[in-house]
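I have placed the structure first, in the form of structure tokens, so that the comments after it can refer back to it.
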Amino acid sequence: MYLGIDIGTTRLKMNVVDTTGKILIEDSEKLVPSFGRNGEAEIDPLKWINGIKKLLKKYDLKSIEAIGLSGQMHTLILLDRDFQPVRRAILWADARGYEEVEFLSSSYSESILRHCGSLPSNAFTLIKLMYLLKNEPQSIRNTYKFCLSKDFVGGWLTGNFNTDFTDASATLMLDIQKREWYWSLLEDLNIPKEIFPEIHGSLEIRGYLRENVANYLGLRAGIPVVYGAGDQEAAAFGVGVTRPKDVMFSISTGSQIVVPVAEMIIDSRIHNFRHVEGLHIMGAVQNAGLALEWAVERFGFKDMDELTNEAFKSPVGANGVVFLPYITPERTPVMKENITCGIFGLKSGNSRADMARAILEGITFCVYDAWKCVEEVLSLDDPEVVILGGVSKNPIIIDTLLNLMNANIKLLDENFDPSSFGAALMAGKVNEAFKNFNEIVGKRIVKTRVAHKKDEYFEKYENFLKVRKHILDV
């Protein structure tokens, strides 16, 4: 059996598979990050360890042969010489680095895009390091090494806190072509060279499970722990998105569109990252499930199901109500740090149902907008699109996408978590456990929905773009 662990933003997930790829155990534990009024988004990384302890202790896992890891990208953890956290982890959603983004954009944007594959954005690890260097210099002085989310867990399991190329490429500090840290930029920014971890392949062995940790978790000491990958790369690996015509939509806290490529594509609206093997581009939307959860809480809905049921009472276009879901800075394609959330077109005759429908449509329009950008950059013919993530189960979101897109959509199992599954598959692949790997990843696709474009949906999308353009031009 092979264990995959994924460190998500709001949930910690685990997956156990056998040598046929059959899922034997799938479970999760809730995480509660801290969000502040000034854009703070943090969590105590020890919550990840406590969550793993709680999850794994529930099962008999003595037959586990290897462990694979995946985790939220960009999140920064500072470690002291005893490999203990210097402060709370700064999550990818943290929005305090506005000044740092402005500085990099005005002084280094061209070289960063060429070498690191993306334009500066608040999400990236580099921005968080720069923010701390300016606002918490003592935290940097107390830092021996920094690491990313899955690598903190990997370090606890093995003593090795180094990272892999997928996560390194998502820091905005990796020279993607050279596969090494972009040292000349880091020297210019006065970021200490000695705090950087080594970088390894996703399918390399990080180390072996320490005896004290194994005894506590009920696992066998000495089993290999694979480096693993960022959550999106692990998910893509798990559902077989490895060829240039393969496309993965992940719609959960954020939304990511992943397409493998043969070489970097330099375009200011998209990101280039390392894949588990090779490269991929990404269209990234920060305000998907994050904005949906925010709206559910702020507008008095009990949960997402209640919001969705209410939304069904409103027609396509929500009777003119438009929701811009930008509660944090946004990426593909707008790439704006200071864009804001808003509700437009409200009149006395509008209902709660119109609000609910507008919320779901606004989030979907953002995802589709990112897809249009990726499609334009790649000129894809007959793409094979797999959609996954918790928010992708929403029937209005899926139906809206089907009415906008030119591609059929493959849907996965209702309760299937692709990131922890992909991490488990990486563990098994390193152990040479699978006879037919391609057959295993194909098992998770349960049905294909056929695209059926309708003009009324596109008209509402165009109206969304007009409202956003007006706000951006103000």
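The values are calculated or read from the model by the stated rules, or taken from the named source; none is laboratory data. The model shown is predicted, which means the values in this text are computed figures rather than measured ones. Cβ atoms come from the backbone with ideal geometry, glycine included; neighbour counts cover every protein chain shown.
Can you tell me which residues in the range 407-438 are over 22 Å from the mean Cα position of the chain (by Cα), over 16 Å from residue 246 (Cβ atoms) and either polar (S, T, N, Q) or not in a loop (DSSP other than H, G, I, E, B) (or both)?
428, 429, 430, 431, 436, listed by residue number.
Please verify whether the range 356-368 includes one or more residues that are assigned to a helix (DSSP H, G or I) and aromatic (Phe, Trp, Tyr).
The first filter runs over the range 356-368 and keeps only residues assigned to a helix (DSSP H, G or I), leaving 356-368.
After this cut, where a residue has to be aromatic (Phe, Trp, Tyr) as well, the list is 365, 368.
Yes, some residue in the range 356-368 is assigned to a helix (DSSP H, G or I) and aromatic (Phe, Trp, Tyr).
Closer than 28 Å to residue 158 by Cβ, without any contact (Cβ under 8 Å) to a residue 60 or more places away in the chain and small (Gly, Ala, Ser): which single residue out of 51, 36, 97 fits that description?
Working: 36 fails: closer than 28 Å to residue 158 by Cβ; 97 fails: closer than 28 Å to residue 158 by Cβ.
Result: 51 is the single residue among 51, 36, 97 that is closer than 28 Å to residue 158 by Cβ, without any contact (Cβ under 8 Å) to a residue 60 or more places away in the chain and small (Gly, Ala, Ser).
One line per residue, one yes/no per condition, for (1) within 21 Å of residue 367 (Cβ to Cβ); (2) modelled with pLDDT of 95 or more; (3) outside the structural domain of residue 117 (by TED's automatic domain parsing):
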position	(1), (2), (3)
258	yes, yes, yes
272	yes, yes, yes
276	no, yes, yes
280	yes, yes, yes
284	yes, no, yes
295	yes, yes, yes
313	no, yes, yes
318	yes, yes, yes
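Does any residue of the range 241-248 turn out to be surrounded by fewer than 24 Cβ atoms within 10 Å (Cβ to Cβ) and of a type outside the set (D, E, K, R)?
The answer is yes, given that some residue of the range 241-248 is surrounded by fewer than 24 Cβ atoms within 10 Å (Cβ to Cβ) and of a type outside the set (D, E, K, R).
Please go through the range 421-436 and give me each residue that is under 16 Å from residue 239 (Cβ atoms) and touching a residue at least 40 places away in the same chain (Cβ under 8 Å), ordered by number.
If the condition is that a residue be under 16 Å from residue 239 (Cβ atoms) and touching a residue at least 40 places away in the same chain (Cβ under 8 Å), then 421, 422, 423, 424, 425, 426, 428, 429, 434 are the ones that fit.
Yes or no: the range 353-370 includes at least one residue that is of a type outside the set (A, V, I, L, M, F, W, C), over 21 Å from the mean Cα position of the chain (by Cα), over 25 Å from residue 270 (Cβ atoms) and surrounded by fewer than 19 Cβ atoms within 10 Å (Cβ to Cβ).
no
Identify, by number, the condition in (1) of a type in the set (Gly, Ala, Ser); (2) in a loop (DSSP other than H, G, I, E, B); (3) in contact with a strand residue (DSSP E or B) (Cβ under 7 Å, 6 or more places away or on another chain) that residue 349 doesn't meet.
Answer for residue 349: the failing condition is (3).
Within the range 317-333, can you find the residues that are part of a loop (DSSP other than H, G, I, E, B) and more than 13 Å from residue 369 (Cβ to Cβ)?
Answer for the range 317-333, where residues must be part of a loop (DSSP other than H, G, I, E, B) and more than 13 Å from residue 369 (Cβ to Cβ): 317, 321, 327, 328, 329.
For (1) buried (at least 18 other Cβ atoms within 10 Å of the Cβ); (2) closer than 29 Å to residue 130 by Cβ; (3) among the hydroxyl-bearing types (Ser, Thr, Tyr), each residue gets a yes or a no:
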{"position": "5", "(1), (2), (3)": "yes, no, no"}
{"position": "16", "(1), (2), (3)": "yes, no, no"}
{"position": "19", "(1), (2), (3)": "no, no, yes"}
{"position": "24", "(1), (2), (3)": "no, no, no"}
{"position": "38", "(1), (2), (3)": "no, yes, no"}
{"position": "44", "(1), (2), (3)": "no, yes, no"}
{"position": "67", "(1), (2), (3)": "yes, no, no"}
{"position": "84", "(1), (2), (3)": "no, yes, no"}
{"position": "93", "(1), (2), (3)": "yes, yes, no"}
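Consider the range 114-169. How many of its residues are of a type outside the set (A, V, I, L, M, F, W, C), in contact with a Pro (Cβ under 8 Å, 6 or more places away or on another chain) and either under 21 Å from residue 228 (Cα atoms) or in the same structural domain as residue 273 (by TED's automatic domain parsing) (or both)?
Result for the range 114-169: 5.
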